[in-house]
Amino acid sequence: MVLRRIKNGNSYKYYNDTTYIKNNKHIQEIATKFKQLGIPPGYINVELVPNSNKIIAKCKDIYNRSQYIYHTEFTKKQTKIKYCKLIKFGKKLPMMLQKIEKDFKSKNIKKKAIATALKLILECNFRIGNKKYKKKYNSHGVLTIDASHVKGNKIEFAGKKGVLNKCFINNDQLLNALNKLKKNKGFLFKYGDTSITSNVVNNYLSRLMGNGVTAKYFRTWAANINFIETVNGKILTKKTLKEAIRQVANKLHHTVATCKKSYLYTDLINLSLNIGIYTRDPNKYLIDLLQRGC
């Protein structure tokens, strides 16, 4: 038996497999269950997944994007894995930055294009982007911007969920490289007529950092380092914590809720409220804290 909820104007219709449920008492019981499971009311199509230790429900939002509601224990496990992997990322980051800088100056046009894209992510905390997401939702990331998005030293485009992404480039070498790429037709980042894809960039990172490391790790690392730098030397209140997260979210081009839920390490937030964060080396502080949790 699969329970479904489908948006119908300002209300919902509920189904048991394909059978429309008409009994008001049964509808109320199911509606309560959906609420207790934490399924957002704005999702237009929801299907509960029975007998799964991973997924509670498969959903579609108002933009017809696929969304998933996961079991709490599964989410906790995946979150721990993510932050434990971030330790290796942080330790290898200096080596990786040297490699990116070397390839940025390379005469190999593919290596140079990949390195330039990564330097832009480092400079501006943009998402990497991909063709599929651009086509489906008309939103951009680094790999799907074109010459129209680069004006002077400003890069500006609509990112995920329509959020405005804007950054001023202060690195003259990076700006010169971007201006040279503006001659490319279509997407900026190409070697010859071939566009750089997110798979190409992530394979490049995996060879340097180990399997499973993707461009998203840059943003997760940047969010936590920015948070440490923002709150360093202070003990926060709930009000000042929200403001600190808002500042970090603005730098990462997403919402406060997304920043807190998906990017900031919970122990870091708790420390900022209870005893404060005090460090002269945010990178080492973050690595040490992550190691204690892993």
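No lab work stands behind these numbers, since they all come straight from the coordinates. Everything numeric here is computed off the predicted structure, so don't read it as measured data. Here the Cβ positions follow ideal geometry from the backbone for every residue, glycine too, while neighbour counts run over all protein chains shown.
Figures for the structure shown
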{"read-out": "Gap separating the Cα centres of the stretch 110-149 and the stretch 151-169, nearest whole Å", "value": "11"}
{"read-out": "Mean separation of Cα contacts under 8 Å, 6 or more apart, over the residue count of the chain: relative contact order %", "value": "13"}
{"read-out": "Reported label for calculated Rg and Dmax of the Cα atoms in Å given (i) 20.1, 64; (ii) 22.0, 70; (iii) 18.6, 56", "value": "(ii)"}
{"read-out": "Three-way shape label, the stretch 161-209, alpha-carbon gyration tensor, a/c 1.5", "value": "rounded"}
{"read-out": "Evaluated at q = 0.26 Å⁻¹: base-10 log I(q)/I(0), Debye formula over Cα of the stretch 5-61", "value": "-1.26"}
{"read-out": "Fluctuation leader among L178, L48, L252 - the chain, Gaussian network, Cα springs under 10 angstrom", "value": "L48"}
{"read-out": "Estimated dipole of the chain in Debye, rounded to 20 [Cβ of Lys and Arg +1, of Asp and Glu -1, Cα centre]", "value": "540"}
{"read-out": "Over 23 Å (Cα to Cα) - which of K80/K216; K107/K185; K13/K77 fall in this group", "value": "K13/K77"}
{"read-out": "Share of alpha-carbon pairs per 5 Å distance bin for the stretch 217-293, given as whole %", "value": "3, 17, 31, 28, 16, 4"}
{"read-out": "Paramagnetic reach from D17 (point 7 Å along Cα→Cβ, amide N under 11 Å) across the stretch 40-73", "value": "none"}
{"read-out": "Sequence-distant residues sharing a close amide H with Q67 (under 5 Å, placed H)", "value": "C59, K60, D61"}
{"read-out": "The stretch 105-209, relative contact order in percent, only Cα pairs under 8 angstrom and at least six apart counted", "value": "27"}
{"read-out": "Among Q98, F189, G129 the positive-end extreme of the charge dipole of the chain (Cβ point charges)", "value": "F189"}
{"read-out": "Rel. contact order, % - alpha carbon contacts under 8 angstrom, at least six apart, the stretch 22-128", "value": "12"}
{"read-out": "FRET efficiency for D146 and K166, using Cβ-Cβ distance with R0 set to 22 Å, rounded to 0.05", "value": "0.85"}
{"read-out": "On Cα atoms only, tilt of 238-252 relative to the major axis of the chain in degrees", "value": "60"}
{"read-out": "Kirkwood hydrodynamic radius (C-alpha pairs) into Stokes-Einstein, the stretch 119-222, 20 °C and 1.002 mPa s, D in µm²/s", "value": "152"}
{"read-out": "Longest DSSP-loop-exposure-free segment, chymotrypsin sites (Phe, Trp or Tyr not before Pro), the chain, at most 16 other Cβ within 10 Å", "value": "64-277"}
{"read-out": "Nearest 10 degrees, 0 to 90: helix 72-104 Cα axis against the chain principal axis", "value": "20"}
{"read-out": "On Cα atoms only, tilt of 24-36 relative to the major axis of the chain in degrees", "value": "30"}
{"read-out": "From phi via Karplus (6.51, -1.76, 1.60), per-residue ³J(HN,Hα) for the stretch 40-48 in Hz, x at Gly/Pro", "value": "x, x, x, 5, 8, 9, 10, 10, 5"}
{"read-out": "Column: log10 I(q)/I(0), Debye, Cα scatterers of the stretch 94-163, q = 0.14, 0.26 Å⁻¹", "value": "-0.48, -1.15"}
